[in-house]
1. Give the relative contact order (percent, whole number) for segment 531-632; include only Cα pairs under 8 Å separated by 6+ residues.
2. Report the relative contact order of segment 454-514, percent, no decimals, based on alpha-carbon pairs under 8 angstrom and at least 6 residues apart.
3. Between rounded, prolate and oblate, where does segment 429-509 land on the alpha carbon gyration tensor, with a ≥ b ≥ c its root eigenvalues, rounded for a/c under 1.5, else prolate if a/b exceeds b/c?
4. First check a/c for segment 531-632, with a ≥ b ≥ c the square roots of the eigenvalues of its C-alpha gyration tensor; if it is under 1.5, answer rounded, and if not, answer prolate when a/b is larger than b/c or oblate otherwise.
5. Sorting Lys473, Lys363 on the 10 Å Cβ count, fewest up front, what's the list?
6. Once the piece of chain linking Ser70 and Val491 is laid out straight, how much longer is it, given 0.36 nm per residue of separation minus the C-alpha distance between them?
7. Run the numbers for Met376 and Leu474: contour at 0.36 nm per residue of separation, minus the present Cα-Cα distance, in nm.
8. Given a Förster distance of 41 Å, report the FRET efficiency between Asp50 and Tyr368 from their Cβ-Cβ distance, rounded to the nearest 0.05.
Amino acid sequence: MLSSILGSKEEALSSIVYSYKHGFSGFAAMLTEYQAARIRGIWPESRSFDDVGYGPIPSRWNGTCQEGQSFNISHCNLKIIGARWYNESITALNLSVDDYQSPRDYQGHGTHTASTAAGSLVRNVSFHGLGEGTVRGGAPRARLAIYKACWEGNGCPDADVLKAVDDAIYDGVDVLSLSIGGRFYLNFATLHAVARGITVVFSTGNDGPLPQSLNNDLPWLISVAASTIDRSFPTEVTLGNNQTIVGQSLYYGSEDEGFRELFFILSCFTDSLNSTNMEGKIVVCNDSINAPEAIVSSARLANAIFAQIVYSLQQANAKGVIFARSPLGLLQDFQNFSCILVDNDVLWQINAYARSDASPVAKVRPAYNIVGSRVMSTRVAAFSSRGPSILFPDLIKPDITAPGVNILAAMFDSYAFDSGTSMSCPHVSGIVALLKNIHPKWSPAAIKSALVTTAYTTDAYGFPIEADGIPRKLADPFDYGGGHVDPNKAVDPGLVYDVDPNDYFKFFNCTNDVSSCGLVDSRLYHLNLPSVSISDLKTSVTVNRTVTNVGDTNSVYRAVVQSPPGVDTIVEPSILEFNGSKNTQTFVLTFKALRAVQGDFTFGSLTWTDGGNHTVRIPIAVRVIIQDYSITS
């Protein structure tokens, strides 16, 4: 095939960068440009990768420790048992790389995510006094294998990432944690990993809060959204009239910074940010006035532009900035430059003070920690990408949400906060590693089911979880899938919705080696997933689901249905009985449209409960459409 494109066998051979032989068949050749997200290597000296107390490396491990720039075999240990790096695409394109030519992390992303998933326990950790305590990964005794396929300034070349996945399958990993943006081809490559019992966990992306913004939306993946945690960093600002207002920041400057003059700008988005009049002053601006349209639709862009604003203020020698923020703003570290986010009502208080004082001033104190019930949590983060999937609306994606805002984890030799679905993904990966250790015979689908069906959808006060955005709203399955992950309950889910990997192959018309996949051959709501999404209900649709009892041998479950508005949902049978000779049961769900209205998705759920410790809940999304517009005339 390649020779027919390039003209000769010799040219074809010279163009090949990698061939994939362990997990799937195929080759990679330098034919097209690439575009990629970020994922990095590892900083092995971090205390989070200490191997004290570890036993011998398992004999089934096939991996290697590949040396390179500032990285030798001694940097692997009983914790980091494998490290590879892939730069053939970079070399073939003759690209310059401002990065370590080795598994060593250059940017910090890989170290942060690896320590979040499986970092060892480290005491007395903080970020300049913030978040002080003990850090540990989700599975602190798990071992790590690092596959560096992304490069500073050059992203993640397609062929390199595919080769990394292929090697990971051969090496014998149990979990693939991929904090990387969506690539349709890569998602299908991971199908072979799932077919070999490897659970694949992906971040959904940071392009929220608009609908249909998520990546990594295929059914065999665990797609992870990001949510807040019960920790905040209040920052007190004392005005010249001794009134104290409170914002949020990661400011860790000196306590004895005196009062500074306030400099008011109507909008943060102005060409006057480099004014010399700002020198030595605290700038106050509103990020919702004259904001570019892109900011309203994308938290990622909003925070990138905010960072650029702060950089401009630093160049103007300002002493700090108070942002009256939209819900899209994230706390960011600006190297001891006070960047304080306040709500609009706080801005009004500042303005009221300024009107009463000809020379308004303020003093900023360093941020401090608040943890627990006083913090408004849990909320889906504004940046977290949302469903439904554009390609597969008959799937509910994301599958789950996990902590992804202001996560403290290893960063080179120290520890730092970071936010994103790149941070929530390794939380789930660590939980998956624990589940595989407790239930080694569970399939990737069973593990995913356990996570989804035991997730919670209410906060600590019993109120429904909300999703940040403009405006903030109640979260739904296209924001968080089954809900927020609950690792303790996932250990004992009661029932699981299992899927034979061959069913994925059939639905996507894939060959056994996944060298070719075609169009979906059937409606995806017929897959035995722990969710149901029907994107075009006209009159009625019937789907089957099979559950496997992994709890008490003799148990009885009863159905509790919350039907989506405008839809009648019937479960048959409504009671499932399990005993020693029968540990699987199949039931039928029938959805009937109650009104002929062209609408958006509405949401419900089906919960199986045994009246005791187990509530097995799956989310439901249904969109009613009009079959024939003439019926409304």
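1. Values: 220 pairs, mean separation 38.5, N = 102.
RCO, segment 531-632: 38 percent.
2. Dividing the mean separation by the residue count of segment 454-514 yields 32 percent.
3. Details: a/c = 2.81, a/b = 1.51, b/c = 1.86.
Judged from the Cα gyration tensor, segment 429-509 comes out oblate (a/c at least 1.5, b/c at or above a/b).
4. On the way: a/c = 3.42, a/b = 2.65, b/c = 1.29.
Prolate shape, in that a/c is at least 1.5 and a/b is the bigger ratio.
5. Numbers: Lys473 13, Lys363 17.
With the sparsest Cβ surroundings first, the list reads Lys473, Lys363.
6. Numbers: separation 421, 0.36 × 421 = 151.56 nm, distance 4.05 nm.
Extending this stretch completely gives an extra 147.5 nm.
7. On the way: separation 98, 0.36 × 98 = 35.28 nm, distance 1.39 nm.
Between Met376 and Leu474, full extension yields 33.9 nm more.
8. 0.90
Quick note: the coordinates plus some simple rules give every number you see, no bench work behind them. In this text, all values refer to a predicted model and were calculated from it rather than measured experimentally. Cβ coordinates were reconstructed from backbone atoms using ideal geometry, including for glycine residues, and neighbour counts include every protein chain displayed.
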